[in-house]
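Below is one structure; the comments refer to it alone.
Please treat every number below as a calculation from the coordinates, not as lab data. Quick caveat: nothing in here was measured; it's all calculated off a predicted structure. Note that each Cβ is placed from the backbone with ideal geometry, even for glycine, and that neighbours are counted across all protein chains shown.
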Amino acid sequence: MAMTQDEMKRAVAAAAVDYVEAGTIVGVGTGSTANYFIDELAKIKHKIDATVASSEASAERLKSHGILVEDLNMVSEMSVYVDGADECTKFLHLTKGGGGALTREKIVAAVAKTFVCIVDETKMVDVLGKFPLPVEVIPMARSYVARELVKMGGSPVYREGFTTDNGNVILDVHNLQILNPVEIEEKLNNITGVVTNGLFACRPADVILMATQEGVKTIK
Ligand code: 5RP
């Protein structure tokens, strides 16, 4: 019988545990796939020193399992960061931020030696952009940034009723065909008022673990 998307998420989360090294600090992402990873990590929590979470929600889930969560400022080295994605390509470029945690995710990924991205096969695309690209914006810059995004050919939609863990807002940008993710990531980050955007291309994943009906595939 075919696996459901949820079963695939669970399978790939379990596979990511192989990348966790004993006696190290583990970076932990956000979202439903990352939640499964947290549940798997709980089974080997005695082997790791601590974790750093990319959101308040993940920190809560980690703590509920009795796993130590450290402030990133107290950590100078992180062996691995494990997180999901909304879209990914075979070049290891990602779109993230469906859950709105993109900025902290990018910060934790920047510190980690290895970024292991865990997805199910529905997330793999040829070209990023079908999933609306989340952009975190300082609230007072919202309309200005939206106008700049329109100039770039995008259709920004304000994520109503949502505030990020950093106290900012999100614009979800539709209709972008992201053929050159590194260039677009840099261009978006240069708009004044943008905190960060959901493209992970300048710092892509190092490994993608992708759950398929035939098992978990490794792309690197
Ligand atoms: C949250 C993210 C998530 O990794 C992304 O939205 C994927 O989520 P899920 O594992 O629930 O499909 O970037 O900001």
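In sequence order, segment 197-209 has phi-based couplings of 10, x, 7, 10, 10, 4, 10, x, 5, 8, 9, 10, 9 Hz under the Karplus curve 6.51 cos²θ - 1.76 cosθ + 1.60, θ = phi - 60°, and Gly or Pro positions carry x. Quick one: net charge around Glu160, please, counting Lys, Arg +1 and Asp, Glu -1 for every other residue with C-beta under 13 Å from its C-beta. For residues surrounding Glu160, the net value is +1.
Taking other C-beta atoms within 10 angstrom as a stand-in for reagent exposure, Ser76, Ser54, Ser143 fall in the order Ser76, Ser143, Ser54, fewest first.
Per the helix-only calculation at 222 nm, which mean residue ellipticity applies to the chain, given -39500 (n - 2.57) for every DSSP H run of n ≥ 4 and division by its residues, nearest 500 deg cm²/dmol?
On the way: 6 runs with 61 residues, N = 220.
About -8000 deg cm²/dmol.
If you take the Cα centroid of segment 101-155 and the Cα centroid of segment 43-75, the two points sit 24 Å apart. If you plug the beta carbon distance of Asn180 and Val157 into 1/(1 + (r/R0)^6) with R0 = 22 Å, you get a FRET efficiency near 0.45. Cross-link pairs exceeding 22 Å in C-alpha to C-alpha distance, out of Lys9/Lys45; Lys123/Lys151; Lys106/Lys187; Lys90/Lys113, comprise Lys123/Lys151. Put a plus charge on the Cβ of each Lys and Arg, a minus charge on the Cβ of each Asp and Glu, and nothing anywhere else: the dipole of segment 11-160 about its Cα centre is then about 340 debye.
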